[in-house]
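Working notes for the structure below.
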Amino acid sequence: MTLPIEGADYWIRYMKMPPKIYAFVHPNNDGTYIIFLDPRRSRDQQIEDYIHELMHILNEDFYNSRSIIEVEAS
């Protein structure tokens, strides 16, 4: 499942994560993103993780001065 984001290109990759890390998004130099999801999580959990990471892209969290603690708390 992918949801389009106007003006943003992104790919989904699956990668086993360390404990308590379920997903993350990586901004590339060309303005695209890669969303990494842990394949060991259930499909429902992966969807929640995916939406969470999409929100980081939509909120432009990589381009503001807030700390990661502030970003994750919002």
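Which residues, taken from the stretch 58-74, are among the acidic types (Asp, Glu) and over 12 Å from Tyr33 (Cβ atoms)?
Glu70, Glu72
A quick yes/no check of all residues on (1) among the aromatic types (Phe, Trp, Tyr); (2) modelled with pLDDT under 90:
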site: Phe24; (1), (2): yes, no
site: Gly31; (1), (2): no, yes
site: Ile34; (1), (2): no, no
site: Arg40; (1), (2): no, no
site: Glu53; (1), (2): no, no
site: Asn59; (1), (2): no, yes
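Given the structure, is Arg66 of a type in the set (Lys, Arg) and at pLDDT below 95?
yes
The values are calculated or read from the model by the stated rules, or taken from the named source; none is laboratory data. A quick note: this is a predicted structure, and the numbers were derived from the prediction, not measured. Note that we place each Cβ from the backbone using ideal geometry, even for glycine, and neighbour counts take in every protein chain shown.
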